[in-house]
1. Quick check: from the Cα gyration tensor, does segment B:48-119 come out rounded (a/c under 1.5), prolate or oblate?
2. Based solely on its DSSP helices, what 222 nm [θ] is calculated for chain B when runs of n ≥ 4 H residues each add -39,500 (n - 2.57) and the sum is averaged over all residues, nearest 500 deg cm²/dmol?
3. From the residues A:76, B:70, A:55, which one has its Cα farthest along the dipole of the protein assembly as shown in the positive direction, the dipole being from +1 and -1 charges on Cβ of Lys/Arg and Asp/Glu about the Cα centre?
4. Round to the nearest 0.05 the FRET efficiency obtained for residue B:1 and residue A:67 when R0 = 41 Å and r is the Cβ-Cβ distance.
5. Grab the residue from chain A whose Cβ hugs the A-to-B rotation axis most tightly, plus its distance in whole angstrom.
6. Find the centroid of the Cα atoms in segment A:65-95 and in segment B:71-93, then give the distance between the two in whole Å.
7. Quote the convex hull volume per residue of the protein assembly as shown, based on C-alpha atoms, as a whole number of Å³.
8. If you put a point 7 Å past Cα along the Cβ direction, how far is that point for residue B:95 from the same point in each other copy, in nm, smallest first?
There are 2 protein chains.
Amino acid sequence: MRTYTPAEAAERSGFSVDTLRYYEREGILAPVARTAGGRRTYSDSDLSTLDFLRCLRDAGMPIERLRRYGELCRDPNTIAERIALLREHAVAVDNQIDQLRRYRARVDEKIAWYEGSAG
Amino acid sequence: MRTYTPAEAAERSGFSVDTLRYYEREGILAPVARTAGGRRTYSDSDLSTLDFLRCLRDAGMPIERLRRYGELCRDPNTIAERIALLREHAVAVDNQIDQLRRYRARVDEKIAWYEGSAG
DNA sequence: ATTCAACCTGGAGCGCGCTCCAGGTCAAGC
DNA sequence: GCTTGACCTGGAGCGCGCTCCAGGTTGAAT
C-alpha cells in the first residue's frame, strides 16, 4: 500500500510525467491523491489502472474513448458498459490485425515480384 | 492507357485530391504528367503506384519512409534497396500484429474478469 | 538556514499528416 | 462568348496526443 511520486509513476507506467498530468486533466485518470503540500501520490491501484490504460492506448484506442472508459471506472454501476466498450475495442483490434495481415501479404507479394524481376 | 483527372485518381486511390497534390509536392509520388493547360493527368501506372503506397501507408509506414520508397522507385538501379525497405517494413508489421494480439488478449482477460466479478 | 531537484499550474507549442483557403486559370457545355 | 466547376499554386490552419515553458512552491539533504 505504498505510494509513488510522479517520477516513479512515470517510470512504472511508461507514460511521461507530463502525460500523467494530462490524463488527469482530461479526466481519463481519476484525480490522484495529494500530499499536504500538493504533490501527487500515485497508489498501486492508480498504477494498475495506468497499466491497463497503456494497453488500450497502445492498441489504438483514441483519447476520447479512453476518457469514457476512465469515467465508467469511477462509477461502480457500469460494469456492463465497460464490458461493452472493451468488446467493441476488441473487435476494432481484430479488424486492425486482419488488415495488417492483408497489407503484410501484399508487401510479401511485392518483394517476391521484385526478386523475380531482378533477383 | 487512358489517363485520369485528379478527381478520378482520388476516387480510385482512396486519397483525397489534396493528398495527391501533397504526395507529389513531398516527392512521394513522381511528378505527374500534365495537359497543355497545366492540369494533372494520372496514368494507370500512377494509380497502381498509389494503390501500393496506400497499402504501405495504411500499414503504418510513416511519410518519410514512403518518400524514400518513392524516390527509390524513380531510380531503376535500386531494386535491392526497395526490397530491403519492404522487408524492414514487413518486420515492423509483424511486430505490430504481435503487439496487437497481446493487447487483444489482455482486453479479453479484463472482460472475463469483469464478467466473473459482476456478471 | 540554504540549496536544489522535483514538483505545481495554466497555457503555449509541436510533429505528423493531412486539409482548407484565397485568388487565379482552364475547358466543357450552352 | 459566357458560365461554371474542376483545376492550379503557395501557404495557412487543423486535430490529435502529447510536450514544453514560465514562474512559482515544496521538501529532502547538507
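The values are calculated or read from the model by the stated rules, or taken from the named source; none is laboratory data. Owing to the predicted nature of the structure, the values given are computational and were not obtained by experimental measurement. In this analysis, Cβ positions are derived from the backbone assuming ideal geometry, glycine residues included, and neighbour counts consider all displayed protein chains. Each accessible area value is taken on the protein alone, full model and side chains, heavy atoms only, with ligands, DNA and RNA left out. Shrake-Rupley method; radii C 1.70, N 1.55, O 1.52, S 1.80 Å.
1. Numbers: a/c = 5.39, a/b = 3.43, b/c = 1.57.
Judged from the Cα gyration tensor, segment B:48-119 comes out prolate (a/c at least 1.5, a/b above b/c).
2. Details: 5 runs with 84 residues, N = 119.
Estimated from H runs of four or more residues: -23500 deg cm²/dmol.
3. Looking along the dipole axis, the top candidate is B:70.
4. Numbers: r = 52 Å, r/R0 = 1.27.
That pair, residue B:1 with residue A:67, gives E of 0.20.
5. Spelled out, residue of A and its Cβ distance from the axis onto B: A:97, 3.
6. So the separation of the two Cα centres works out to 40 Å.
7. Numbers: hull volume 41.7 nm³, N = 238.
Enclosed volume per residue, from the Cα hull, is 175 Å³.
8. 2.7
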